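The values are calculated or read from the model by the stated rules, or taken from the named source; none is laboratory data. Treat the numbers as computed from the prediction; the structure is a model and nothing was measured. Positions of Cβ are generated from backbone atoms using ideal geometry, with glycine treated the same way; all protein chains shown enter the neighbour counts. Surface accessibility is based on the protein's heavy atoms, side chains included, excluding ligands, DNA and RNA. Shrake-Rupley method; radii C 1.70, N 1.55, O 1.52, S 1.80 Å.
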Amino acid sequence: MKKLEEIADYIDEDGNTIESPNRYSKRVSVTFRGKNNRIIVDPDAKLKELQVVFDCNNGLLTIGPNSKHGFSMSIRIGEDAQVIVGSDVTSTTRCIVSAVEGATVEFGDDVMLASQNQVRADDGHPIFDVETGKRINPARDIYIGNHVWLGAQVVVLGGADIGPGSVIGFGSIVTGRISNNCIAVGSPARMVRQNIAWERPHLSFVGPPYKPDSSTVQVNEEYWALTESLEPEAAVVPEAEKVRAITPARARVGASKSLVSKILSRFGYERQA
C-alpha cells in the first residue's frame, strides 16, 4: 500500500500514475492498494478537499477544470471502476463517492452538490439470495447530468440517471432515471414539478435581496428547456425476485387453496401441485 499526502505528477513500480500539472498539498490524500490505477487532473482544476482510495486494480479518476470555488470529495474506487468529475462541479461539504466492480460514476458539468451528499454505485457489501446463492445487488453505473443540483442529504444510488437541469430535493434517494429540467423528491425520488430551470446565485449572498422572476439573475439559457418524457424502461426482474410456487408450508397463512390459486392466476402464475 502506498499513501500520498499530495497530488502531483507521480508514477510507481506498480503502474499507478497521477497526471497533474499542478501540485495540491492541502487537505488531499491518495491511497494505492492495487496496480495500474490512474488519476488525471485538468490544469485548471480546483480542489478544496480530496481523499481518494484505490482498493484494487485498473481504477480511473478524472477531474475537469473549475472556474468556481471547487469541490470536496471522499472517493473509493474498486476494480476496473471509474469516477469522472466534469467541469465547474462544486460542493458545500464533502461528498462521499463509491464505484467498484467496473462501475462508472459520472458527474456532468456545472453540477452543484449541497451538504452531506452520497453517490454510491455499490452497497459496500454483497447480498445473496439464500436459495440460489446468486448476488442480488451488483454495482451499477450512475450518471448525473449537466447543471444538476443535489439538495442537502441527497443520496444517489446505483442505476441512477439524472437528466440535465434538474433539482433533487432535500433528503431524497435517487435509484433510477430522472428526466431533465424537473424537481424530484422522495424515496425513491419521483418527479413532482416539470419545466423548471434553476440558477446559481444565492438568495441572500448575491443581490438583489428579492428575486421574484428571472430578470433578477443572469440566465444560463443553455440549461433552460422543457422537460422531456422518458421512454419506459423494460422491466428486468432478477431471478431471485420472481414469484416462486407456493408450497404447503408457505400456504399456512390462513388463505384457502382456492383463494391463493385465484391470486396466482391473476398475475399469470399457476399453483404448483
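What tally of residues in segment 135-165 results from selecting those that are on the phi > 0 side of the Ramachandran plot and in contact with a helix residue (DSSP H, G or I) (Cβ under 6 Å, 6 or more places away or on another chain)? Before the answer, list the steps.
To start, the set of residues in segment 135-165 that are on the phi > 0 side of the Ramachandran plot comprises 147, 153, 159, 165.
Okay, now just the ones that are also in contact with a helix residue (DSSP H, G or I) (Cβ under 6 Å, 6 or more places away or on another chain), so 147, 165.
Result for segment 135-165: 2.
Report the residue count in segment 153-180 for those that are part of a loop (DSSP other than H, G, I, E, B) and open to solvent by 30 Å² or more (accessible area, probe 1.4 Å). Spell out how you get there, then give the answer.
Within segment 153-180, the subset part of a loop (DSSP other than H, G, I, E, B) is 153-154, 158-160, 163-166, 169-172, 175-176, 179-180.
From what is left, the residues that are open to solvent by 30 Å² or more (accessible area, probe 1.4 Å) are 153, 164, 170-171, 175.
Of the residues in segment 153-180, 5 are part of a loop (DSSP other than H, G, I, E, B) and open to solvent by 30 Å² or more (accessible area, probe 1.4 Å).
Name the one entry in 91, 72, 67, 87 that is touching a Gly at 6+ places or on another chain (Cβ under 6 Å) and surrounded by fewer than 23 Cβ atoms within 10 Å (Cβ to Cβ).
Values: 91 fails: touching a Gly at 6+ places or on another chain (Cβ under 6 Å); 72 fails: touching a Gly at 6+ places or on another chain (Cβ under 6 Å); 67 fails: touching a Gly at 6+ places or on another chain (Cβ under 6 Å).
Selected residue: 87, the only one of 91, 72, 67, 87 that is touching a Gly at 6+ places or on another chain (Cβ under 6 Å) and surrounded by fewer than 23 Cβ atoms within 10 Å (Cβ to Cβ).
For a quick check of your reading of the model, give me the residue pairs whose first member lies in segment 205-231 and is under 19 Å from residue 167 (Cα atoms), whose second is open to solvent by 50 Å² or more (accessible area, probe 1.4 Å) and polar (S, T, N, Q), with beta-carbon atoms closer than 8 Å and at least 6 apart or on different chains.
Once the first residue is under 19 Å from residue 167 (Cα atoms) and sits in segment 205-231, its partners that are open to solvent by 50 Å² or more (accessible area, probe 1.4 Å) and polar (S, T, N, Q) give 223/146; 226/194; 226/195; 227/194; 227/195.
Can you go through 196, 183 and tell me which one is modelled with pLDDT of 95 or more, among the β-branched types (Val, Ile, Thr), over 30 Å from residue 131 (Cα atoms) and part of a loop (DSSP other than H, G, I, E, B)?
Of 196, 183, the one residue that is modelled with pLDDT of 95 or more, among the β-branched types (Val, Ile, Thr), over 30 Å from residue 131 (Cα atoms) and part of a loop (DSSP other than H, G, I, E, B) is 196.
Of 87, 98, 72, 67, which residue is among the small types (Gly, Ala, Ser), assigned to a loop (DSSP other than H, G, I, E, B) and either in contact with a Phe, Trp or Tyr (Cβ under 7 Å, 6 or more places away or on another chain) or closer than 20 Å to residue 156 by Cβ (or both)? Reasoning before the result, please.
On the way: 98 fails: assigned to a loop (DSSP other than H, G, I, E, B); 72 fails: assigned to a loop (DSSP other than H, G, I, E, B); 67 fails: either in contact with a Phe, Trp or Tyr (Cβ under 7 Å, 6 or more places away or on another chain) or closer than 20 Å to residue 156 by Cβ (or both).
Exactly one residue qualifies, and that residue is 87.
Looking at segment 19-28, is at least one residue of a type in the set (Asp, Glu), touching a strand residue (DSSP E or B) at 6+ places or on another chain (Cβ under 7 Å), open to solvent by 10 Å² or more (accessible area, probe 1.4 Å) and not in a strand (DSSP E or B)?
There is no residue in segment 19-28 that is of a type in the set (Asp, Glu), touching a strand residue (DSSP E or B) at 6+ places or on another chain (Cβ under 7 Å), open to solvent by 10 Å² or more (accessible area, probe 1.4 Å) and not in a strand (DSSP E or B).
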